[in-house]
Structure formats: C-alpha cells, structure tokens
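All remarks here apply to the structure that follows.
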Amino acid sequence: MRNRAGAFTLSELLVVIAITAVTAGVLSPVFLQARASAKKTVCASNIRQIFLGTMNYAQDYDDHVMPVGYQPVENPDSRTDRTWVQLVLPYVKSFHVFKCPSDDTPSANAEATFDQDLVVGDSYSQYYSASMHVNYGYNSQYFAPIPIGSGGPMQTTRSLSEPARPSSTLIYAESVYARDAAGQPLGGGSWLVVPPCRYARDARTHRTIDTFSNRPGNGGEVFTPSRGWTSNDAASGYLFGGTWPWHQGHLNVAFADGHIKAMTTTQLGDGCDVRPDWSGLINDSQAYLWDIN
C-alpha cells in the first residue's frame with residue numbers, strides 16, 4: 001500500500017492558496033511604495049548631480065550658469081546649436097541622469113535621436129532633440145533670461161552667487177513636456193519650466209515691476225515658452241508651468257544653494273497670486289521661490 005502521509009489534502013491546499021493570496025494582497029502595496037520611494041531617491045540624486053554639474057560649469061565660466069541655448073559667434077549654423085542640457089552634459093557625463101525613473105512615457109526613452117544638429121565626431125550633439133524632453137526643467141526666466149531686442153534674441157546669464165536667498169531660490173524642478181486630454185503626462189519632460197508670476201508691486205513707488213528685468217511696467221520683451229501657468233487648461237503641459245509631480249503628488253526641486261527638496265506643485269506657487277498670463281502679482285517675495293533678487 002502506497003504511503004500518503006506526506007500528501008496535502010484539497011482543503012489544506014486551498015487554505016495555503018488563500019493565505020498566499022491574502023499575504024500578497026497585504027504586501028503588494030508595501031512593495032509598490034518601496035519601489036516608488038526608491039525611484040524618488042534616484043531622481044533626487046539625478047537632480048543633485050545636475051546641480052553639481054552646473055557648479056562645475058560655472059567655475060569654468062566666471063561663476064555664470066548656462067544659457068538656454070548656445071551658438072558660436074563665428075559661423076553659427078543649425079549644426080552648432082546647443083541646449084543648456086548639452087552644455088552641462090560634459091560635466092555630468094551621463095545623459096541617463098536627466099531622466100526620472102518614474103517617467104515611463106515613450107519619448108522619454110528617445111535618448112540618441114539623429115537629427116540635423118548631429119555633428120560628426122561630437123558625441124554630445126546626438127542628444128539635441130532628446131535634451132528638450134529631459135525631466136528637469138531650468139528656471140531660465142530668472143537664471144538665463146533672453147531679452148528680445150531689435151537685433152534679435154540676446155543671451156544673458158546670471159551668476160550662481162547672485163541669488164539673494166539661495167536656499168529658497170529654485171533653479172531646477174521636475175517637469176513634463178505635455179499632457180493628454182485626460183491630464184496625464186505625455187512626451188517625457190521639459191527642458192524649461194516657467195514661473196507662476198512675473199510682476200510685483202513696488203512698496204515704495206507703488207509701481208508695477210517686471211521681475212524678469214527689474215524695471216517698471218513691462219521691462220521689455222523676453223523669450224518665454226508660455227505666458228505663465230495655464231491654470232484654466234487642465235490638459236496643458238504648462239498647467240503648473242511645465243513642472244510635474246512624478247512621485248505620488250510630489251516633485252524634486254533643486255535650490256541655488258544645492259539642497260534638494262520634495263514639494264507639491266501648489267507649493268511652487270507660494271507667494272504668488274497664480275493667474276493665467278501672469279496677470280496675478282507676487283504678493284510675498286520671501287515665500288516666492290523663483291525670483292533670484
């Protein structure tokens with residue numbers, strides 16, 4: 001007679017399956033939370049490396065940060081265009097640093113796009129198109145504004161030592177390139193992010209000041225990716241100025257003193273009456289994170 005002492009009965013097997021299912025159901029959210037936390041940590045490390053690369057770049061350029069884009073003065077053409085991402089890339093070494101691991105949108109993986117800007121023998125030029133879809137947007141309106149004069153756009157950059165309150169001045173924030181009709185992220189990230197406010201009231205003269213130029217009224221035309229936060233268009237990539245909370249409602253932000261902080265998009269509008277087309281004023285300069293002055 002065959003010994004069946006070691007065999008499971010059907011009832012015992014069903015109990016084991018039930019216990020396994022319950023355990024998996026309990027642990028699954030824990031694992032997902034741990035995975036999301038790990039991605040957030042990697043992302044914070046990425047934006048920290050980008051800031052360190054910015055510091056190293058500034059050391060080579062009289063303490064000034066990168067322009068939004070660059071072309072040589074002599075013989076400029078489309079093949080010699082460089083975005084700020086490409087300018088800092090030699091100091092960061094890896095293009096992977098510019099991608100948030102929580103971003104799984106298809107175009108975020110377009111790492112080496114061949115285009116007309118590819119220069120033979122220049123390994124960095126292959127990232128021209130992809131550099132505009134990186135997950136870390138530059139606060140260029142304050143750190144590298146582009147005034148538009150009669151002679152066309154003129155690049156300007158600020159010094160890293162220029163911010164009056166570096167520990168509360170945003171230089172990079174996680175970003176999104178576009179959003180679909182349902183408001184979900186689309187197309188990777190954006191190389192530039194836009195401040196929620198532009199104008200402030202001078203307490204002494206009661207005049208409106210353009211903080212992009214620190215001049216009364218509209219201090220002059222400047223290049224801007226959008227006219228502020230499109231708070232009336234939930235499907236716009238610039239609903240929060242191009243910033244995006246890739247980490248369960250939070251995004252990593254790099255400040256001018258080098259520290260990294262997880263914030264919500266709502267917090268990015270602190271100190272500002274957020275309205276479309278920059279029609280709201282900065283009402284608390286101490287709480288406002290974008291202006292370097």
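The values are calculated or read from the model by the stated rules, or taken from the named source; none is laboratory data. The shown structure was predicted, so the numbers you read here are calculated from the model rather than taken from an experiment. Here the Cβ is made from the backbone with ideal geometry for all residues, glycine too, and neighbour counts use every protein chain on show. Note: accessible area is taken over every heavy atom of the protein model, side chains too, but ligands, DNA and RNA are not part of it. Shrake-Rupley method; radii C 1.70, N 1.55, O 1.52, S 1.80 Å.
Annotation: D257 fulfils all but one of (1) without any contact (Cβ under 8 Å) to a residue 60 or more places away in the chain; (2) within 20 Å of A44 (Cβ to Cβ); (3) touching a helix residue (DSSP H, G or I) at 6+ places or on another chain (Cβ under 7 Å); the unmet one is (1).
Taken together, the residues in region 49-94 that are modelled with pLDDT under 90, surrounded by 13 or more Cβ atoms within 10 Å (Cβ to Cβ) and of a type outside the set (D, E, K, R) amount to 4.
Cβ separations smaller than 7 Å between residues 6+ apart or across chains give the following pairs from region 218-247 residues that are in a loop (DSSP other than H, G, I, E, B) to residues that are of a type in the set (F, W, Y) and open to solvent by 20 Å² or more (accessible area, probe 1.4 Å): S226/Y238; W229/Y238; W229/F240; T230/Y238; G237/Y177. Note on region 190-205: among residues that are assigned to a loop (DSSP other than H, G, I, E, B) and under 30 Å from D103 (Cβ atoms), the one that is most open to solvent (accessible area, probe 1.4 Å) is W191. Annotation: of all residues in region 267-277 being at pLDDT below 95 and under 20 Å from Y177 (Cα atoms), the one that is least open to solvent (accessible area, probe 1.4 Å) is P276. Selection within region 227-256: residues that are at pLDDT 90 or above and hydroxyl-bearing (S, T, Y). The member of this set that is surrounded by the fewest Cβ atoms within 10 Å (Cβ to Cβ) is Y238.
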